[in-house]
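Please treat every number below as a calculation from the coordinates, not as lab data. A quick note: this is a predicted structure, and the numbers were derived from the prediction, not measured. Using ideal geometry, Cβ is built from the backbone for each residue, glycine included, and neighbour counts are taken over all protein chains shown.
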Ligand SMILES: [Zn+2]
Ligand SMILES: [Zn+2]
């Protein structure tokens, strides 16, 4: 039996952790059914690297964004450069952007300013947005509402809220992306979220090299492990992986407008 088609909607493939063995990582991903990936930019340097990788590999696309951790560093030149890069045909979304009030590596006002500015870029380019949100759900949802994210569309990546927050994201027209933490014994509200999200609004991701699923914790995560997260989500929803895999993949293809 062949592995069901999967789409890793959020990977950081172009980072040093994968520099030594990327071909082997990609071969394992394909063997596990991961036929498509989006590799995510977090600043000008990583966005440039993500686009170069996407240009080189079939089934790999890129995003252009400034992570909330990098918001304080982003000067006017960086915004101009991200906008230029975002026009590249391999760029399927703007992100990751958002708010991270857990680590607060950038001041909150810089995070908010960057988030709003890049949502505006997404709207102008007609590309969806990929949202990072940690310990900042109220503030993130308020900005998304205020910036009219319904017309932009996008994904709440590595969703970490509860069912009530998921409902508000869905009301804003967003998709919910589940990552490795849904497999953890301490998954808190995530199993309920996995059951709650409508079939046509759910996507999956690894966020590799971070957040490996249960069984691989403490080590580097990689796209092949998306199969473990997909299997757990299918189990939680009480549906076959053969159905869930291709459907979440179709959702991602529709969102990012790729074949
Ligand atoms: Zn993130
Ligand atoms: Zn990420």
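Side notes on the structure shown:
- Rg to Rh quotient for segment 155-217, alpha carbon positions, Kirkwood Rh: 0.96
- Taking max minus min of the alpha-carbon positions on each principal axis, segment 95-139 gives extents of 30, 16, 15 Å, largest first.
- Note: relative contact order over the chain, using C-alpha pairs below 8 Å and six or more positions apart, is 20 percent.
- Across segment 1-153, the mean sequence separation of Cα contacts (distance under 8 Å, 6 or more residues apart), normalised by length, yields a relative contact order of 18 percent.
- For segment 10-64 versus segment 165-192, the gap between their alpha-carbon centres in whole angstrom: 24
- Cα centroid of segment 206-235 to Cα centroid of segment 124-163, whole Å: 23
- For the chain, the alpha-carbon radius of gyration amounts to 0.92 times the rule-of-thumb value 2.2 N^0.38 Å expected for a compact globular protein.
- Förster-model FRET efficiency, 22 Å R0, residue 231 and residue 192, C-beta, rounded to 0.05: 0.75
- Dividing the helix sum by the residues of the chain, where each DSSP H run of 4 or more adds -39500 (n - 2.57), gives a mean residue ellipticity at 222 nm of -13000 deg cm²/dmol.
- One decimal place: the segment residue 31-residue 145 gains 37.0 nm when fully extended, by the rule 0.36 nm per residue minus the C-alpha distance.
- Taking other C-beta atoms within 10 angstrom as a stand-in for reagent exposure, 257, 117 fall in the order 257, 117, fewest first.
- Ranking of 204, 226 by count of other Cβ atoms within 10 Å, fewest first: 204, 226
- Across segment 101-158, Cα pairs under 8 Å and at least six residues apart give a relative contact order of 43 percent.
- When the P(r) is computed for segment 77-116, the part past 17 Å accounts for 41% of the Cα-Cα pairs.
- For segment 24-154, alpha-carbon Rg relative to the globular expectation (2.2 N^0.38 Å, N residues): 1.05
- Shape annotation for segment 115-176: C-alpha extents along the principal axes are 31, 19, 18 Å, from largest to smallest.
- Expressed in Å, the radius of gyration and Dmax of the Cα atoms of segment 182-259 are 12.5, 36.
- Per the Cα gyration tensor, segment 128-259 maps to an equivalent ellipsoid with semi-axes of 22, 17, 14 Å, ordered largest to smallest.
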